[in-house]
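The values are calculated or read from the model by the stated rules, or taken from the named source; none is laboratory data. Predicted, not measured: the structure shown is a model, and the values here were computed from it. Cβ: placed from backbone, ideal geometry, glycine included. Neighbour counts: every protein chain shown. Areas reflect the complete protein model, heavy atoms only, side chains present, ligands, DNA and RNA absent. Shrake-Rupley method; radii C 1.70, N 1.55, O 1.52, S 1.80 Å.
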Amino acid sequence: MTSAIEIKGLHKYFGQLEVLRGIDFRVAMGEVVCVIGPSGSGKTTLLNIAGLLDTFEQGRYRLDGVDVSQLSDREMSAIRNRKIGFIFQSFNLIPDLNVFDNIDVPL
């Protein structure tokens, strides 16, 4: 099965603090995954990198077979616009709408 997301040996630092240490992560086309862990474990950092909202210092990230480290800001913005979306857990949603209608709003 082809990978939509393939992350290998990913490292992310905030100053001297290493928040992601050699992460390997793969999501196949059509696969649904859940990222869970305790507070401060790097979930949001990983998702921000996967969503092309943040960068990393070491490792490899391929999205649909494309090495994202070679993309310009404009190219990453275009990919975010066409391929990536976030559904937030408990905020940034319209309270009077169900989850499907909230997803439909930006479409």
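Enter the accessible area per residue of the chain (Å², integer; probe 1.4 Å; all protein chains in place). Ligands and nucleic acids excluded, the figure is 73 Å² per residue. The alpha-carbon of LYS43 sits under 18 angstrom from the alpha-carbons of these lysines, leaving out residues fewer than 8 places away in its chain: LYS8, LYS12.
Taking Cα centre as origin and charging only the Cβ of basic (Lys, Arg, +1) and acidic (Asp, Glu, -1) residues, the dipole magnitude of the chain rounds to 260 debye. If the chain linking LEU71 and LYS43 were pulled fully straight, counting 0.36 nm for each residue of separation and taking away their Cα-Cα distance, it would gain 7.8 nm.
When 1/r is averaged over all different Cα pairs and the result inverted, which Kirkwood radius in Å belongs to the range 29-74?
On the way: mean 1/r = 0.0821 Å⁻¹.
The answer is 12.2 Å.
Label the range 56-107 by shape, choosing from rounded, prolate and oblate, from the square roots a ≥ b ≥ c of the eigenvalues of the Cα gyration tensor; if a/c is under 1.5 it is rounded, and otherwise prolate applies when a/b is larger than b/c, oblate when it is not. It comes out prolate by the Cα gyration axes. GLU75 contributes about 90 Å² of solvent-accessible surface, heavy atoms of the protein only, 1.4 Å probe.
Round to the nearest 10 and give me the degree value, 0 to 90, for the angle of helix 73-83's Cα axis relative to the longest principal axis of the chain. Once rounded, the angle reads 50 degrees.
Using DSSP to call loops (not H, G, I, E or B), can you name the chymotrypsin sites (Phe, Trp or Tyr not before Pro) in the range 51-107 whose Cβ has at most 12 other Cβ atoms within 10 angstrom?
Numbers: sites: PHE56, TYR61, PHE86, PHE88, PHE91, PHE100; in loops: PHE56, PHE86, PHE88, PHE91.
For chymotrypsin sites (Phe, Trp or Tyr not before Pro) across the range 51-107 that sit outside H, G, I, E and B with at most 12 neighbouring Cβ atoms in 10 Å, the list reads PHE86, PHE88, PHE91.
Across every pair of non-identical alpha carbons in the chain, the mean reciprocal distance, once inverted, gives a Kirkwood radius of 15.3 Å.
Helix-only mean residue ellipticity at 222 nm, the chain, DSSP H runs n ≥ 4 weighted -39,500 (n - 2.57), per residue, nearest 500. What is it? That comes out to -6500 deg cm²/dmol. Share of carbon and sulfur in the accessible area of the chain stands at 53%, probe radius 1.4 Å.
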